[in-house]
1. Taking residue 158, is it at pLDDT below 90, over 18 Å from the mean Cα position of the chain (by Cα) and either closer than 17 Å to residue 79 by Cβ or assigned to a loop (DSSP other than H, G, I, E, B) (or both)?
2. Quick check on my filter: what residues within the stretch 99-146 are within 12 Å of the ligand (Cβ to nearest atom), part of a helix (DSSP H, G or I), open to solvent by less than 70 Å² (accessible area, probe 1.4 Å) and within 27 Å of residue 19 (Cβ to Cβ)?
3. Restricting the search to the stretch 22-50, which residues are surrounded by fewer than 17 Cβ atoms within 10 Å (Cβ to Cβ), of a type outside the set (S, T, N, Q) and within 16 Å of residue 136 (Cα to Cα)?
4. Which one of these does residue 3 not meet: (1) out of contact with any Gly (no Cβ under 8 Å at 6 or more places or on another chain); (2) among the hydrophobic types (A, V, I, L, M, F, W, C); (3) in a loop (DSSP other than H, G, I, E, B)?
5. Check off (1) free of Cβ contacts under 8 Å to residues at least 60 places away in the same chain; (2) touching a His at 6+ places or on another chain (Cβ under 9 Å) for residue 194 and give me the number that stays unchecked.
6. Tally the residues that are open to solvent by 40 Å² or more (accessible area, probe 1.4 Å) and farther than 22 Å from residue 119 by Cβ, restricting the search to the stretch 51-66.
Amino acid sequence: MALRRAPSLPQPQPCDRVENGGDGLPGQVIHYPTDIQPILDAKCVSCHGAEKPAGGLRLTGETTLYYSTSYEELARKELAGPIIPEFTSFLHGDRGNYNGAYLPPRSLGSPKSTLLELLTVRDHPKNAQDDHSALLTEMEVMVLARWIDSNYQFYGTYFGRHHAQWVNADPNNPAYQPADFRRKATFAEAVDFLAPAWHR
Ligand code: HEC
């Protein structure tokens, strides 16, 4: 059946549709520090901060060796959903492309996300003390769902993955721009064959 029609073109996700305030483009570079962390800073860190974080979950965004505090907390506890092992080599050692087993539909992503369930289902047991189901706008939930359904990665592209040693200016290399540390690539840069000039 699928072979009898032309291939479908990728369509914008709900948060990228023009009628919802997006730019109407299907090609997006989803970048955790600029797409997800600002939502956590605005709506979550008042309770999930550095001091006695609620539920033992800290959602602050400072840079860590690999990613950031909130990202590693969510990933370690697999709270945004189950993670495909090839992306969690920082937790389990590099198992390469160990993604070959058959998975039934809805085994990954938002249908299995504790985070999304807590943020949308009022009678979730963990909402008894503090209700999370009305904290976010519909747009913020859509942005989180898009990130979760793309296997909640940190970098949207290979380019720009930087070790934490590059967070500050480099006295030995005055040409290095700290603004290039883990910066968000444009879609054109992300799909280009050659690395952008700021990648090192
Ligand atoms: C008013 C305080 C408060 C705010 C604001 C808040 N939370 Fe929570 N959160 C809690 C408490 C308290 C718990 C522990 C609930 C429990 O274990 O029953 C919790 C638990 C959680 C859990 C479950 C942790 C686990 O290990 O199962 C997640 C995920 C979570 N919060 C995410 C968020 C996100 C994302 C935001 C922002 C959109 C947020 N929270 C905002 C108080 C808050």
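1. Working: at pLDDT below 90: yes; over 18 Å from the mean Cα position of the chain (by Cα): no; either closer than 17 Å to residue 79 by Cβ or assigned to a loop (DSSP other than H, G, I, E, B) (or both): yes.
Judged against the criteria, residue 158 is not a match.
2. Let us first name the residues in the stretch 99-146 that are within 12 Å of the ligand (Cβ to nearest atom), namely 113-120, 124-137, 140-141, 143-144.
Next, only the ones that are part of a helix (DSSP H, G or I) stay: 114-120, 125-127, 140-141, 143-144.
Imposing the further condition that a residue be open to solvent by less than 70 Å² (accessible area, probe 1.4 Å) reduces the set to 114-116, 118-119, 127, 140-141, 143-144.
Once the filter is applied, which keeps residues that are within 12 Å of the ligand (Cβ to nearest atom), part of a helix (DSSP H, G or I), open to solvent by less than 70 Å² (accessible area, probe 1.4 Å) and within 27 Å of residue 19 (Cβ to Cβ), the stretch 99-146 yields 115, 116, 119, 140, 141, 143, 144.
3. Looking only at the stretch 22-50, we keep the residues that are surrounded by fewer than 17 Cβ atoms within 10 Å (Cβ to Cβ), and these are 23-27, 34, 38, 41-42, 46-47, 49-50.
Next cut, of a type outside the set (S, T, N, Q) only: 23-27, 38, 41-42, 47, 49-50.
Within the stretch 22-50, 38, 41, 42, 47 meet the criteria.
4. (3)
5. That leaves (2) as the condition not met.
6. Here the count works out to 5.
The values are calculated or read from the model by the stated rules, or taken from the named source; none is laboratory data. Just so you know, these numbers come straight off a predicted model, no measurement behind them. Every residue, glycine as well, gets a Cβ built from its backbone with ideal geometry; the counts of neighbours run over all protein chains shown. Note: accessible area is taken over every heavy atom of the protein model, side chains too, but ligands, DNA and RNA are not part of it. Shrake-Rupley method; radii C 1.70, N 1.55, O 1.52, S 1.80 Å.
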